[in-house]
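Reading through the structure tokens given below for one structure.
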Amino acid sequence: MAVRAGRRVADVVAFTFATAATLFGLVWLAWILWTTLRQGAAALTPSLFTQMTPPPGTSGGLLNAFYGSAAMILLGVVIGAPIGVAAGTYLAEHGRYTRLATIVSFMNDILLSAPSIVIGLFIYQLVVRTAGHFSGYAGALALAMILLPIVVRTTEESLRLVPDQMREAGFALGLPRWRVTRQILYKAALSAILTGVLLGVARIAGETAPLLFTALNNQFWSSSLNAPLANVPVVIFQYAMSPYDEWHALAWAGAFVLMAFVLILNILVRLLARKGNQ
Amino acid sequence: MNASAAQSTELGPAARRSGAGADRLFQLITAVAAWFVLLLLGGAALSMAWGGRLAFQTFGWHFITARDWDAVGGKFGAFVPIYGTLVTSAIALIIAVPVSIGIALFLTDIAPRWSRGPIAIAIELLAAIPSIIYGMWGLFVFAPFMATHVEPWLTTHFASKPLIGPLFDGPPIGIGMLTAGIVLGIMVIPFIAAVAREVFSAVPAPLRESAVALGSTRWEILSRVTLPYTRSAIIGAIFLGLGRALGETMAVTFVLGNAHDLSISLLMPSNSIAAAIANEFTEADTDLYRSSLIALGFLLFVVTFIVLTIAKLLLLRVNRQLGRTN
């Protein structure tokens, strides 16, 4: 009987622990969301979207940072997504079962988890040092390099989910392989590939470390990508680390907008994926 | 109708030829893109090694073992950031591993079926929150919380204990290795939990059912069937989490304090490789300083590469066992 009671106690303890662990995880999420929501909502003003980042002690907005982030994300997607889709196509279709595809698929997963600060250093060495100055282009390249492995991975996975009958049907019609890929497989996998790109956008929108020494920052309005460019994450970093209350408030407002963007994109992607599955 | 059919048969061979050419071109484009991924990874490693060569040449092995980081005197030893990186990552894993396994167990065995999807998504969202927001929250909310509620308690209860005492002996300032480790742990949970949940639910039902038939409690099923069966995947997931923790930058930069003094106490500010680079790179005014920071980046890259390779190999093996090709 004693052994049996001991076993039952162990069972109850383990399952209380599992429940507590889940609550533990959810509490952090709620705490972080609540903090950002409260602090960010208090700091939201219309001028956030109409004025430039201010010098210390005065009020202002984040217009130049929003513009810079949007420009770099857009350029990052334009550079990273096509290369990613092409590489993913090689892994799933044209190079399937080749040694190159196996190695690339493996290395891509490592690039996917590689420290983003190292990617920032790499682009610094490659672009900033060569060009002699920080620039929005360098920032966009760093973001593209983070987006790339995400798109490669999702493209490969979503192409593999397309049933072989569709390929065979295409070949039976006499279509060359590239047209099967382009006109049949891409169409079938389109929503899944788009989902991957959107997830990638959500990821690069909040990336700070790779922009610190590529795009740097810019306190003033600058539309040129060939110069240091303001961007939301680095502005948040600098303002949060500063001793000024006005800057802290702006940092929270920026964090709020960033968080809302990232979470809405993530939830949207999941809803789309679920719809696709049904 | 007939005419067009005849035409297409006439054009057949030519179309096929141009199709073959286009096929080769398409194949080439995709192969180049695939090579490009390898090129980026190799290029990053080479450029770090090249950028750090001045530091490696100047200091040799002392770069890793020396403790002094003196920008004015031009002496750079990376021991403190390396130590800080390892300690914070260790704290992160100590927290994240049991919690992640608990979450996976909850989601596969305990939670009502309707609630599993939403809870899993909520845990995944922990990974979606940008690390800069973890950092801000850590600096403004969590560090003060640690300083007022947790750290004084730790000091009064543990500082006088033998062996572990020095770890908890320090001023309760909130910023330090313990706080950074906890924040890292939260950030790593979703990565480990996702893999653990996936492999837990892939345990063959007959295996679990036979354990049930033998009269096992649910705890015994976990500890004697599920965990042994999924061991390599769980270890793989832990390495994946470790890889993330080692390289995480912004959250750690906010709450670690950028101190270059070695201290045993977990309550003291310290430094990590990633945080040192993020804090100091734009201020590095000499070639040797900049090179030392890039050399740090090289070390981080090599270590995370090894850790992630181990993770990936373990997870690949599991996938093969489960009969998946990918």
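The values are calculated or read from the model by the stated rules, or taken from the named source; none is laboratory data. Just so you know, these numbers come straight off a predicted model, no measurement behind them. All Cβ positions, even for glycine, are placed from backbone atoms using ideal geometry, and neighbour counts span all protein chains on display. Accessible surface areas use protein heavy atoms only, side chains included; no ligands, DNA or RNA. Shrake-Rupley method; radii C 1.70, N 1.55, O 1.52, S 1.80 Å.
Put simply, of B:Leu262, B:Leu267 the only residue that is open to solvent by less than 10 Å² (accessible area, probe 1.4 Å), closer than 16 Å to B:Gly84 by Cβ and at pLDDT below 90 is B:Leu267.
Restricting attention to region B:155-177, which residues are open to solvent by less than 20 Å² (accessible area, probe 1.4 Å) and either among the aliphatic types (A, V, I, L, M) or in a helix (DSSP H, G or I) (or both)? Across region B:155-177, the qualifying residues are B:Gly165, B:Met177.
Scoring B:Ala96 on the criteria (1) under 16 Å from B:Phe191 (Cα atoms); (2) free of Cβ contacts under 8 Å to residues at least 60 places away in the same chain leaves a single failure, condition (2).
Entry remark, region A:248-278: residues being open to solvent by 40 Å² or more (accessible area, probe 1.4 Å) and of a type in the set (Phe, Trp, Tyr) number 2 in total. Of all the numbered requirements in (1) modelled with pLDDT of 95 or more; (2) among the aliphatic types (A, V, I, L, M); (3) over 22 Å from the mean Cα position of the chain (by Cα), B:Val99 misses one, and that requirement is (3). Can you tell me how many residues in region A:160-170 are more than 8 Å from chain B (Cβ to nearest Cβ) and surrounded by 13 or more Cβ atoms within 10 Å (Cβ to Cβ)? Selection size over region A:160-170: 5. Of the conditions (1) open to solvent by less than 30 Å² (accessible area, probe 1.4 Å); (2) over 26 Å from A:Val127 (Cβ atoms); (3) more than 8 Å from chain A (Cβ to nearest Cβ), B:Val99 satisfies every one except a single condition; which number is it? That leaves (3) as the condition not met.
Of the residues A:Ile117, A:Ile79, A:Ile83, which single one is aliphatic (A, V, I, L, M) and farther than 27 Å from A:Arg177 by Cβ? Before the answer, list the steps.
On the way: A:Ile79 fails: farther than 27 Å from A:Arg177 by Cβ; A:Ile83 fails: farther than 27 Å from A:Arg177 by Cβ.
A:Ile117 is the lone residue from the list that is aliphatic (A, V, I, L, M) and farther than 27 Å from A:Arg177 by Cβ.
Would it be correct to say that A:Met241 is surrounded by fewer than 19 Cβ atoms within 10 Å (Cβ to Cβ), farther than 13 Å from A:Ser69 by Cα and not hydroxyl-bearing (Ser, Thr, Tyr)? For A:Met241, the condition - surrounded by fewer than 19 Cβ atoms within 10 Å (Cβ to Cβ), farther than 13 Å from A:Ser69 by Cα and not hydroxyl-bearing (Ser, Thr, Tyr) - is met. Every listed requirement among (1) within 22 Å of the chain's Cα centre (by Cα); (2) without any contact (Cβ under 8 Å) to a residue 40 or more places away in the chain is met by A:Asn64 save one, (2). Taken over region B:110-139, the criterion of being closer than 14 Å to B:Ala251 by Cβ and open to solvent by 30 Å² or more (accessible area, probe 1.4 Å) is satisfied by B:Ala127, B:Leu139. Note on region A:210-227: residues that are open to solvent by 10 Å² or more (accessible area, probe 1.4 Å) and within 11 Å of chain B (Cβ to nearest Cβ) total 3. Among the numbered conditions (1) at the interface with another protein chain (Cβ under 8 Å from one of its Cβ atoms); (2) modelled with pLDDT under 95, the only one that B:Ala127 does not meet is (1).
Every residue, every condition in (1) in contact (Cβ under 8 Å) with a residue 12 or more places away in the chain; (2) surrounded by fewer than 24 Cβ atoms within 10 Å (Cβ to Cβ); (3) under 23 Å from the mean Cα position of the chain (by Cα), yes or no:
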site: B:Ile221; (1), (2), (3): yes, yes, no
site: B:Tyr229; (1), (2), (3): yes, yes, no
site: B:Ala233; (1), (2), (3): yes, yes, yes
site: B:Arg244; (1), (2), (3): yes, no, yes
site: B:Phe254; (1), (2), (3): yes, no, yes
site: B:Gly257; (1), (2), (3): yes, yes, yes
site: B:Phe281; (1), (2), (3): yes, yes, yes
site: B:Ser291; (1), (2), (3): yes, yes, no
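Only residues that are at the interface with chain A (Cβ under 7 Å from one of its Cβ atoms), over 17 Å from B:Leu184 (Cβ atoms) and touching a residue at least 12 places away in the same chain (Cβ under 8 Å): list them for region B:107-124, please.
Matches in region B:107-124: B:Ile119 only.
Here A:Leu199 does not qualify as open to solvent by 10 Å² or more (accessible area, probe 1.4 Å), within 11 Å of another protein chain (Cβ to nearest Cβ), closer than 26 Å to B:Ile133 by Cβ and in contact with a Phe, Trp or Tyr (Cβ under 8 Å, 6 or more places away or on another chain). Evaluating A:Glu207 against the criteria (1) touching a residue at least 12 places away in the same chain (Cβ under 8 Å); (2) in a helix (DSSP H, G or I); (3) at the interface with chain B (Cβ under 8 Å from one of its Cβ atoms) leaves one unmet condition, (2).
Can you tell me which residue among A:Val9, A:Val78 is open to solvent by 30 Å² or more (accessible area, probe 1.4 Å), within 11 Å of chain B (Cβ to nearest Cβ) and of a type in the set (A, V, I, L, M)?
A:Val9
So, in region B:15-74, of the ones that are at the interface with another protein chain (Cβ under 9 Å from one of its Cβ atoms) and of a type in the set (Ser, Thr, Tyr), which residue ends up most open to solvent (accessible area, probe 1.4 Å)? Ranking the qualifying residues of region B:15-74, first place goes to B:Ser18.
Restricting to region A:17-40, give me the number of residues that are open to solvent by less than 10 Å² (accessible area, probe 1.4 Å) and more than 7 Å from chain B (Cβ to nearest Cβ). Explain how you work it out, then say what you get.
So the first thing to find is which residues in region A:17-40 are open to solvent by less than 10 Å² (accessible area, probe 1.4 Å), and the list is A:18, A:21-22, A:25, A:32, A:35-36, A:40.
With the extra rule that they be more than 7 Å from chain B (Cβ to nearest Cβ), the set shrinks to A:40.
Looking only at that region, the number is 1.
Assessment of region A:259-275 against the conditions (over 24 Å from A:Gly80 (Cα atoms), in a helix (DSSP H, G or I) and away from chain B (no Cβ under 12 Å)) yields at least one matching residue. The residues on offer are B:Ala55, B:Ala66, and the sole one that is at pLDDT 90 or above and hydrophobic (A, V, I, L, M, F, W, C) is B:Ala55. Kindly indicate whether any position in region B:199-219 is among the basic types (Lys, Arg), open to solvent by 40 Å² or more (accessible area, probe 1.4 Å) and touching a residue at least 24 places away in the same chain (Cβ under 8 Å). Scanning region B:199-219 turns up at least one residue that is among the basic types (Lys, Arg), open to solvent by 40 Å² or more (accessible area, probe 1.4 Å) and touching a residue at least 24 places away in the same chain (Cβ under 8 Å). Looking at region B:230-326, the helices (runs of 4 or more DSSP H) lying wholly inside it that each contain 2 or more residues that are more than 13 Å from chain A (Cβ to nearest Cβ) and not aliphatic (A, V, I, L, M) sit at B:231-247, B:287-321.
With respect to A:Thr214, is the statement that it is touching a Gly at 6+ places or on another chain (Cβ under 8 Å), of a type in the set (S, T, N, Q) and within 20 Å of A:Tyr67 (Cβ to Cβ) true? Here the answer is yes, as A:Thr214 does meet what is asked. Of the residues making up region A:90-124, just one is surrounded by fewer than 21 Cβ atoms within 10 Å (Cβ to Cβ), more than 7 Å from chain B (Cβ to nearest Cβ) and either within 13 Å of B:Ala44 (Cβ to Cβ) or within 16 Å of the chain's Cα centre (by Cα) (or both), namely A:Leu112. Residues in region A:171-196 that are farther than 24 Å from A:Leu112 by Cα and more than 14 Å from every other protein chain (Cβ to nearest Cβ): A:Ala172, A:Lys187, A:Ala188.
How about region B:178-213: which of its residues are over 28 Å from the mean Cα position of the chain (by Cα) and in a helix (DSSP H, G or I)? Answer for region B:178-213, where residues must be over 28 Å from the mean Cα position of the chain (by Cα) and in a helix (DSSP H, G or I): B:Ala205, B:Pro206, B:Leu207, B:Arg208, B:Glu209, B:Ser210, B:Ala211, B:Val212, B:Ala213.
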